[in-house]
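Just below is one structure, and these are the notes that go with it.
The values are calculated or read from the model by the stated rules, or taken from the named source; none is laboratory data. Predicted model, so just to flag it, every value in this text is computed and none were measured. Backbone-built Cβ (ideal geometry, glycine too); neighbour counts: all protein chains shown.
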Amino acid sequence: MILIFLKSCSILIALIFAKIESLHQEVMTHSALSELESVGNAPDSMTHTVIFAVNQLNSDRIQYLLEDVSNPSSKNYGKYLTRDEVGEITSNIESSLLVEKFLILNDVRIVWKSTYGEYIRASANVSTWNSLLQTNFQQFIVPRNKYNSFIRAQKIVIPVEIVDHIVSVMNTVQYPHSSSRRFKRIKNDVSIVGDSIYDSYVYPGFMNSYYNIQTNTGYIKATQALFAARSQIFSPPDLAYFQSIFNIPNNPIDHYKGGGAVNNTACFNLNNLNLCSESNFDAQYLTSLAQVCNTTYWYAIVYTYILDKTDI
């Protein structure tokens with residue numbers, strides 16, 4: 001039997017056990033539940049969407065290829081695979097069709113399926129899911145969180161017919177944290193980072209000391225990129241100014257893709273700082289911690305998720 005228990009992390013973990021006594025993850029269920037407020041069982045007639053992640057093929061081969069094309073000493077360095085090439089290697093059509101057929105036979109509607117069948121989004125009423133997954137979906141509220149309410153279960157049992165064909169079932173036992181972000185507070189220790197007028201702030205020297213970065217000289221054939229959207233504005237002069245303050249060699253963005261918001265004066269306008277903060281911050285630390293690498297600024301006016309934010 002396979003039992004999937006509530007985890008406080010953002011991704012589902014499937015646990016295979018031969019005996020009930022070996023369920024050592026049960027304690028985590030209680031700690032996660034302590035952050036939630038239940039408002040009762042979800043109505044049987046309420047529609048709920050679940051996402052099945054289908055078991056993929058040739059994971060060892062893909063791992064090898066990933067490491068090979070990422071290794072600067074390899075002759076295949078930089079010869080990255082396209083989305084279609086990856087799909088042709090990993091897609092498990094047989095399992096995808098089997099899971100899809102099983103769901104349809106159990107009165108579940110297929111809402112969407114990814115190009116190579118890795119994910120199947122399925123919709124049914126709560127009553128159907130309760131029966132199919134041997135569970136009891138409830139409505140929960142996370143205090144002080146942007147999610148008003150959501151439907152989840154404390155545990156599910158994966159049907160034996162598809163247990164060997166999937167690796168996870170999302171929108172079932174995954175819960176948002178009680179706070180949207182959790183930050184690690186870093187004490188700026190002068191004895192570690194050295195005397196500087198920027199003590200009490202995070203700056204390149206502090207990052208090097210804290211993470212024990214021995215060199216900021218990257219591999220000249222390596223590539224790196226940052227992504228921006230939602231009208232974030234990048235300012236090349238702001239990057240150059242940042243690099244000059246911290247004695248970083250001139251290391252501008254090498255390539256721009258997607259057009260987008262690039263404005264030389266954006267960050268000098270105090271009324272516009274919200275639009276220029278994130279993308280410029282990313283560029284500053286990317287180019288300061290990994291210098292001489294070929295850097296691309298990729299901007300998209302509109303972007304979509306493969307999965308909804310609440311799916312994982």
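Could you tell me whether the range 1-8 includes any residue that is in contact with a helix residue (DSSP H, G or I) (Cβ under 7 Å, 6 or more places away or on another chain) and either modelled with pLDDT of 95 or more or surrounded by fewer than 16 Cβ atoms within 10 Å (Cβ to Cβ) (or both)? Within the range 1-8, none of the residues are in contact with a helix residue (DSSP H, G or I) (Cβ under 7 Å, 6 or more places away or on another chain) and either modelled with pLDDT of 95 or more or surrounded by fewer than 16 Cβ atoms within 10 Å (Cβ to Cβ) (or both). Does I233 qualify as being β-branched (V, I, T) and out of contact with any strand residue (DSSP E or B) (no Cβ under 8 Å at 6 or more places or on another chain)? Answer is no for this residue. Among residues of the range 201-220 that are touching a residue at least 60 places away in the same chain (Cβ under 8 Å) and among the small types (G, A, S), those with a Cβ under 7 angstrom from a residue that is part of a strand (DSSP E or B) and surrounded by 15 or more Cβ atoms within 10 Å (Cβ to Cβ), sequence gap 6+ or separate chain, pair up as G218/Q291. Condition check for L81 on (1) at pLDDT below 95; (2) in contact with a Ser or Thr (Cβ under 8 Å, 6 or more places away or on another chain); (3) among the aliphatic types (A, V, I, L, M): one failure, at (2). When the residues of the range 191-207 are filtered to those that are among the small types (G, A, S) and in a loop (DSSP other than H, G, I, E, B), the one that is modelled with the lowest pLDDT is G194.
Within the range 37-66, the set of residues being within 20 Å of the chain's Cα centre (by Cα) and in a helix (DSSP H, G or I) comprises S59, I62, Q63, L66.
Checked against (1) out of contact with any helix residue (DSSP H, G or I) (no Cβ under 6 Å at 6 or more places or on another chain); (2) surrounded by 16 or more Cβ atoms within 10 Å (Cβ to Cβ), F137 meets all criteria but (1).
Kindly evaluate S168 against the criterion of being under 24 Å from the mean Cα position of the chain (by Cα), polar (S, T, N, Q) and outside any loop (DSSP other than H, G, I, E, B). It is true that S168 is under 24 Å from the mean Cα position of the chain (by Cα), polar (S, T, N, Q) and outside any loop (DSSP other than H, G, I, E, B). Once the range 208-257 is narrowed to residues that are among the β-branched types (V, I, T), surrounded by 15 or more Cβ atoms within 10 Å (Cβ to Cβ) and modelled with pLDDT of 85 or more, the residue that is farthest from S288 (Cα to Cα) is I253.
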